[in-house]
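Remarks on the structure that follows.
The values are calculated or read from the model by the stated rules, or taken from the named source; none is laboratory data. Model, not experiment: these values are computed from the prediction. With ideal geometry, Cβ positions are generated from the backbone for all residues, glycine too; neighbour counts draw on all protein chains shown.
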Amino acid sequence: MSLFLETDRLILRRFTTADEDNLVELNGDPEVMRYLTGGRPSSREEIRSRVLPKFLGYYERFEDLGFWAAEEKATGRFLGWFHFRPHEDEARDGEIELGYRLHRSAWGKGYATEGSRALIDKGFTEQGVERVVAETMTVNSASRRVLEKAGLTLVRTFHPEGWDPIEGSEHGEVEYALSRADWERQRLG
Ligand SMILES: CC(C)(COP(=O)(O)OP(=O)(O)OC[C@H]1O[C@@H](n2cnc3c(N)ncnc32)[C@H](O)[C@@H]1OP(=O)(O)O)[C@@H](O)C(=O)NCCC(=O)NCCS
């Protein structure tokens with residue numbers, strides 16, 4: 001196992017092709033996919049030909065940025081994933097995008113907050129990150145709460161063009177951010 005990060009209760013490791021079933025199961029839950037696709041699950045073919053190659057591709061380009069599989073330390077159970085990756089918009093070079101997706105059975109235990117905080121702390125202390133950003137649907141209250149608990153603050157609400165509408169998308173997307181300076185201020189209390 002290629003360990004990336006350990007927290008009190010989580011292990012973050014690299015994905016491998018052996019994670020196909022884990023991802024099929026995760027993306028197979030309509031509640032997990034509610035604010036991503038309106039609830040439509042991903043097919044095994046999509047996982048195999050698009051999702052996994054995308055995740056694995058990051059390890060070829062970056063030593064320490066990308067998608068990380070999350071396991072529950074106590075049980076070894078696959079919980080889902082976090083990403084901490086260069087912004088997909090090349091015009092925003094230097095910004096790191098935080099994201100997460102966990103099994104419904106793992107929700108409400110503070111795992112998303114724990115993993116996010118650990119990635120952010122590592123990013124600012126060891127990886128030379130200057131700014132962490134995240135986007136989610138305006139109506140995705142759990143995700144927004146995680147970002148707030150991890151120290152990010154609301155930057156803007158916007159309406160992306162060309163996206164297939166799903167329930168709640170009429171309220172747009174929100175962008176959150178945390179700069180190194182604000183992270184340092186938070187640490188000092
Ligand atoms: C978003 C997600 C990762 C959160 O994971 P989690 O481990 O349950 O998050 P945490 O337990 O760390 O924190 C969740 C917080 O949201 C709150 N919350 C949960 N549902 C909520 C809701 N419907 N409205 C308001 N707050 C809510 C929780 O009470 C908790 O806050 P608290 O600690 O102040 O009580 C999880 O819900 C998920 O995987 N969702 C599906 C995928 C997804 O939407 N990903 C984000 C896409 S951008």
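Pick out the one residue from Glu20, Glu63 that is of a type in the set (Asp, Glu) and either surrounded by 14 or more Cβ atoms within 10 Å (Cβ to Cβ) or touching a Lys or Arg at 6+ places or on another chain (Cβ under 9 Å) (or both).
From the options Glu20, Glu63, the qualifying one is Glu20.
For the subset of segment 96-111 comprising residues that are more than 9 Å from the ligand (Cβ to nearest atom) and free of Cβ contacts under 8 Å to residues at least 40 places away in the same chain, which member is surrounded by the fewest Cβ atoms within 10 Å (Cβ to Cβ)? Full working, then the answer.
Our first condition is that a residue be more than 9 Å from the ligand (Cβ to nearest atom); within segment 96-111, this holds for 96-98, 105.
Next, only the ones that are free of Cβ contacts under 8 Å to residues at least 40 places away in the same chain stay: 96-97, 105.
On the way: Ile96: 23, Glu97: 17, Ser105: 10.
Among those residues, the one meeting the criterion is Ser105.
Could you check, for segment 20-42, whether at least one of its residues is away from the ligand (no atom under 16 Å from the Cβ) and either under 17 Å from the mean Cα position of the chain (by Cα) or assigned to a loop (DSSP other than H, G, I, E, B) (or both)?
No, because not a single residue in segment 20-42 is away from the ligand (no atom under 16 Å from the Cβ) and either under 17 Å from the mean Cα position of the chain (by Cα) or assigned to a loop (DSSP other than H, G, I, E, B) (or both).
Given the conditions (1) touching a strand residue (DSSP E or B) at 6+ places or on another chain (Cβ under 7 Å); (2) within 10 Å of the ligand (Cβ to nearest atom), and given that Val132 satisfies all but one, which numbered condition is not satisfied?
(2)
Would you be able to say whether some residue in segment 179-189 is more than 16 Å from the ligand (Cβ to nearest atom), surrounded by fewer than 20 Cβ atoms within 10 Å (Cβ to Cβ) and under 20 Å from Ala70 (Cα atoms)?
Taking every residue of segment 179-189 in turn, none turns out to be more than 16 Å from the ligand (Cβ to nearest atom), surrounded by fewer than 20 Cβ atoms within 10 Å (Cβ to Cβ) and under 20 Å from Ala70 (Cα atoms).
Would you pick out the residues in segment 1-55 that are farther than 25 Å from Met137 by Cβ and basic (Lys, Arg)?
Correct list: Arg9, Arg13, Arg14, Arg44, Arg48.
Within segment 140-167, work out how many residues are in contact with a helix residue (DSSP H, G or I) (Cβ under 6 Å, 6 or more places away or on another chain) and buried (at least 18 other Cβ atoms within 10 Å of the Cβ).
Looking only at that region, the number is 4.
Report the residue count in segment 142-166 for those that are within 26 Å of Arg104 (Cα to Cα) and either within 13 Å of the ligand (Cβ to nearest atom) or modelled with pLDDT of 95 or more (or both).
Of the residues in that region, 14 qualify.
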